[in-house]
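Here is the structure we will look at, set down as structure tokens.
The values are calculated or read from the model by the stated rules, or taken from the named source; none is laboratory data. Everything numeric here is computed off the predicted structure, so don't read it as measured data. We place every Cβ from the backbone using ideal geometry, glycine too, and count neighbours over all the protein chains shown.
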Amino acid sequence: MSINSRISGLRDHTPDERLTLVAQSADLDPDVLDALRPDSGLSLAQADHMIENVVGMIGIPIGVATNFTIDGQDRLIPMATEEPSVVAAASNAARMARQHGGFTTSYTGDVMIAQIQVLDAVDPHGTRFALLEAKDELLALANEQDPMLVSLGGGAFDISVRVLPTRAGVQVILHLHVDVRDAMGANAVNTMAEAIAPRIAEVAGTRTLLRILTNKAELRLTRARAVFDAELLGGAQVVDDIVAASAFAEADPYRAATHNKGIMNGITAVVLATGNDTRAVESGCHSHAARTGRYAALSQFEKDADGNLVGTLEVPLAVGLVGGATRAHPTAQASVKLLGVQTARELASVIAAVGLAQNLAACRALAAEGIQRGHMTLHARTIAASAGAEVDEIGAVAARIVAERRIRVEYAREVLAELRAGGASA
């Protein structure tokens with residue numbers, strides 16, 4: 001599969017034309033991506049089998065981010081988001097990184113953790129040691145629950161035990177470490193936790209309570225790095241200002257919350273497009289941001305010896321390609337085919353790279369012209385539509401309210417009325 005992520009003038013085409021161009025650039029038969037069309041995607045009957053009490057569906061636009069080179073391979077990135085400027089910003093940041101080789105990533109592995117809570121232990125530290133002594137027995141029992149995962153090279157491989165003081169008394173918490181391979185892993189680790197809990201209670205001489213995975217996926221980290229060209233960014237001053245803005249986010253939790261929201265604009269869009277669990281990924285990322293006891297930025301930006309900007313990002317990404325909505329949702333399947341990824345590691349690498357690109361774009365906008373200029377220009381089209389403009393009227397209404405810097409629904413209605421009155425009199 002040969003993907004070319006450079007598609008000149010993609011925004012100048014209609015949605016149908018874009019889909020054809022994207023399929024060609026991804027070296028795919030256009031029919032493979034038919035599920036991305038609203039009339040060919042998830043049906044109401046399919047949705048009825050995914051969740052309970054189905055009454056309808058909500059549509060989220062899927063755009064394609066271009067220009068990405070990740071670990072030496074071009075990728076076209078499907079992004080599901082309702083927020084204007086996100087896809088364009090990611091594509092532009094990827095263009096700035098492309099000149100220096102694009103994004104490189106590293107990955108700590110496909111390991112998820114299940115927690116088993118032990119209550120009422122008379123001797124918590126002794127209980128901890130007893131559970132550690134039972135490690136081999138517990139791992140064998142856990143792996144009996146999923147022979148297929150074990151046959152693929154995964155499965156439970158380690159435990160750790162903590163003595164945890166709480167307001168409800170001292171508790172003993174056992175962590176079961178499971179290599180889930182290309183799955184997100186929740187079902188596998190929860191099944192194992194349920195299976196070993198009775199034996200843990202016997203060894204501890206007491207009872208267990210919660211038996212469930214943690215979304216704090218600290219053993220499933222993905223790291224992304226890129227060099228962004230100083231000239232393309234706007235010069236040395238812009239580089240210095242982005243470094244200063246990054247330092248602000250590293251030091252201040254108020255700024256970090258919005259800084260990280262920009263990262264999640266990119267991450268969540270790809271997670272959603274591929275049918276993965278957005279809430280699990282978001283909770284994992286935000287818990288990682290607070291891992292030192294103080295909430296801070298997930299990324300850093302520095303200046304290298306050549307004056308270019310170096311961006312780095314580290315995030316836990318519990319995503320997979322097997323099971324769940326990724327397999328049940330036809331649009332998610334089409335998104336995965338467009339990406340061309342074969343493993344959970346590759347998918348996580350793409351997601352981290354997009355998060356870093358999105359973050360860079362937001363920091364550059366803040367440091368250069370301010371966030372509202374580009375964002376509100378794109379947002380103006382949404383405002384025009386909200387005011388009642390038809391497809392062939394949106395461009396004219398949006399251009400007018402941007403030019404007059406009155407990007408509000410009530411003024412868009414006035415402009416639309418004038419436009420229609422002028423057309424009627426003509």
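So the values come out like this:
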{"read-out": "Members of segment 267-324 that are part of a loop (DSSP other than H, G, I, E, B) and among the aromatic types (Phe, Trp, Tyr)", "value": "295"}
{"read-out": "Any hit, segment 187-194, residues being in contact (Cβ under 8 Å) with a residue 60 or more places away in the chain, in contact with a strand residue (DSSP E or B) (Cβ under 9 Å, 6 or more places away or on another chain) and acidic (Asp, Glu)", "value": "no"}
{"read-out": "Breaking point among (1) under 30 Å from residue 364 (Cβ atoms); (2) assigned by TED's automatic domain parsing to the domain that holds residue 208; (3) not acidic (Asp, Glu), for residue 102", "value": "(2)"}
{"read-out": "Residues located in segment 408-426, provided they are at pLDDT below 85 and under 10 Å from residue 380 (Cα atoms)", "value": "none"}
{"read-out": "Extreme residue, farthest from residue 77 (Cα to Cα), among residues of segment 244-282 that are free of Cβ contacts under 8 Å to residues at least 60 places away in the same chain and hydroxyl-bearing (Ser, Thr, Tyr)", "value": "254"}
{"read-out": "Candidate set from segment 218-249 (those that are surrounded by fewer than 24 Cβ atoms within 10 Å (Cβ to Cβ) and among the β-branched types (Val, Ile, Thr)); member that is farthest from residue 108 (Cα to Cα)", "value": "238"}
{"read-out": "Criterion (farther than 28 Å from residue 175 by Cα and among the small types (Gly, Ala, Ser)) met by exactly one of 234, 284", "value": "234"}
{"read-out": "Tally, over segment 256-310, of residues that are under 25 Å from residue 212 (Cα atoms) and of a type in the set (Lys, Arg)", "value": "2"}
{"read-out": "Near pairs, Cβ below 7 angstrom, 6+ apart or cross-chain, from segment 1-25 (closer than 17 Å to residue 88 by Cβ) to any residue that is surrounded by 14 or more Cβ atoms within 10 Å (Cβ to Cβ) and acidic (Asp, Glu)", "value": "5/74"}
{"read-out": "Subset of segment 68-84 [buried (at least 24 other Cβ atoms within 10 Å of the Cβ) and either basic (Lys, Arg) or at pLDDT below 95 (or both)]", "value": "75"}
{"read-out": "Single condition residue 257 does not satisfy, out of (1) small (Gly, Ala, Ser); (2) under 18 Å from the mean Cα position of the chain (by Cα); (3) crowded, with 17+ Cβ neighbours inside 10 Å", "value": "(3)"}
{"read-out": "Odd one out for residue 310 among (1) without any contact (Cβ under 8 Å) to a residue 60 or more places away in the chain; (2) assigned by TED's automatic domain parsing to the domain that holds residue 246", "value": "(1)"}
{"read-out": "Residues (among the β-branched types (Val, Ile, Thr) and free of Cβ contacts under 8 Å to residues at least 40 places away in the same chain) located in segment 26-51", "value": "51"}
{"read-out": "From 342, 358, residue being out of contact with any strand residue (DSSP E or B) (no Cβ under 8 Å at 6 or more places or on another chain), at pLDDT 95 or above, polar (S, T, N, Q) and not in a helix (DSSP H, G or I)", "value": "342"}
{"read-out": "Only listed residue being surrounded by 11 or more Cβ atoms within 10 Å (Cβ to Cβ), free of Cβ contacts under 8 Å to residues at least 24 places away in the same chain and among the β-branched types (Val, Ile, Thr), chosen from 54, 64", "value": "54"}
{"read-out": "Conditions (1) crowded, with 19+ Cβ neighbours inside 10 Å; (2) modelled with pLDDT under 95: number failed by residue 192", "value": "(2)"}
{"read-out": "Any hit, segment 233-243, residues being out of contact with any Cys (no Cβ under 9 Å at 6 or more places or on another chain) and without any contact (Cβ under 8 Å) to a residue 60 or more places away in the chain", "value": "yes"}
{"read-out": "Residue in segment 283-302 that is among the β-branched types (Val, Ile, Thr) and touching a residue at least 24 places away in the same chain (Cβ under 8 Å) present", "value": "no"}
{"read-out": "Which listed residue is under 30 Å from residue 231 (Cα atoms) and either in contact with a Lys or Arg (Cβ under 8 Å, 6 or more places away or on another chain) or modelled with pLDDT under 95 (or both), from 312, 326", "value": "312"}
